[in-house]
1. Every residue in the stretch 110-129 that is more than 15 Å from the ligand (Cβ to nearest atom) and closer than 24 Å to LEU17 by Cα, please.
2. Taking only pairs six or more apart or across chains, which ones have beta-carbon atoms under 9 Å, a first residue in the stretch 82-98 that is at positive phi, and a second residue that is within 12 Å of the ligand (Cβ to nearest atom) and of a type outside the set (Phe, Trp, Tyr)?
3. Can you tell me which residue in the stretch 87-100 is surrounded by the fewest Cβ atoms within 10 Å (Cβ to Cβ), limited to those that are closer than 30 Å to HIS140 by Cβ and out of contact with any Asp or Glu (no Cβ under 9 Å at 6 or more places or on another chain)?
4. Please verify whether the stretch 51-71 includes one or more residues that are farther than 18 Å from PHE131 by Cα, part of a helix (DSSP H, G or I) and under 13 Å from the mean Cα position of the chain (by Cα).
5. Is there a residue being small (Gly, Ala, Ser) and in a loop (DSSP other than H, G, I, E, B) anywhere in the stretch 114-128?
6. Being hydrophobic (A, V, I, L, M, F, W, C), touching a residue at least 60 places away in the same chain (Cβ under 8 Å) and within 29 Å of GLU144 (Cβ to Cβ), is that true of even one residue in the stretch 40-58?
7. Within the stretch 11-33, can you find the residues that are in a helix (DSSP H, G or I) and either more than 16 Å from the ligand (Cβ to nearest atom) or farther than 23 Å from SER119 by Cα (or both)?
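The values are calculated or read from the model by the stated rules, or taken from the named source; none is laboratory data. The model shown is predicted, which means the values in this text are computed figures rather than measured ones. Glycine also receives a Cβ, built like all others from the backbone with ideal geometry; neighbour counts cover every protein chain displayed.
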Amino acid sequence: METTLVLLKPSCVQRQLIGEIVNRFERRGLRISGMKMMQLNEDILRQHYAHLVDRPFFPGLAKSMMASPIVAMALTGVEAVQVVRDMTGFTNARKADAGTIRGDYAMSNQQNIVHASDSIENAAIELARFFRPEEIFDYHSAVEAFLYGAGEMG
Ligand code: TYD
């Protein structure tokens, strides 16, 4: 099993889509192993978007990410990092496939409502950035035997 980080951005929270997006992840079969509301600040955003701090759009991106609280989620499942990335869709929501979260709920490159970790390595780093260890819960879902076939859970 892998655990990945999802952020429901201010563009999700403000549009009152929290429940709808959480529902999509749950219905796919991902287990919520951590979830909390947080107000981000410049410091954590400079870490989280370290690969983008020198880009001209960074100040606008940081402002959009601080515009309201966000919801941070830890989602667990077999190959969860790739599954969640695929559900998220292309960064520019106008180019995202229909059926993806961005393709179904957003129209913007920046106000694209969700963040999802892009690799197993980054998922571990990002989970540690947004959650204390005791805020991530390791429990068994009662329906696992019906979500996965024999041997699929490793
Ligand atoms: P990035 O890590 O490239 O994409 P993703 O979120 O799909 O992993 O970019 C991080 C965020 O930066 C992206 O979700 C929205 C913002 N962004 C812009 O506002 N303009 C841009 O041109 C790009 C590439 C990203």
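1. LEU127
2. Hits for this filter: GLY89/LYS95; GLY89/ALA96; GLY89/THR100; GLY89/ILE101; GLY89/ARG102; GLY89/ALA106; GLY89/ASN112; GLY89/VAL114.
3. Among residues in the stretch 87-100 that are closer than 30 Å to HIS140 by Cβ and out of contact with any Asp or Glu (no Cβ under 9 Å at 6 or more places or on another chain), the one surrounded by the fewest Cβ atoms within 10 Å (Cβ to Cβ) is GLY99.
4. Among the residues of the stretch 51-71, not one is farther than 18 Å from PHE131 by Cα, part of a helix (DSSP H, G or I) and under 13 Å from the mean Cα position of the chain (by Cα), which makes the answer no.
5. yes
6. No, there is no match, as no residue in the stretch 40-58 is hydrophobic (A, V, I, L, M, F, W, C), touching a residue at least 60 places away in the same chain (Cβ under 8 Å) and within 29 Å of GLU144 (Cβ to Cβ).
7. Kept after step one, since they are in a helix (DSSP H, G or I), are these residues of the stretch 11-33: 11-13, 18-28.
Selection gives SER11, VAL13, ILE18, GLY19, GLU20, VAL22, ASN23, ARG24, PHE25, GLU26, ARG27, ARG28.
For every residue, the table says whether it meets (1) surrounded by 13 or more Cβ atoms within 10 Å (Cβ to Cβ); (2) part of a helix (DSSP H, G or I).
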site	(1), (2)
VAL81	yes, yes
ARG85	yes, yes
GLY103	yes, yes
GLU134	no, yes
ASP138	no, no
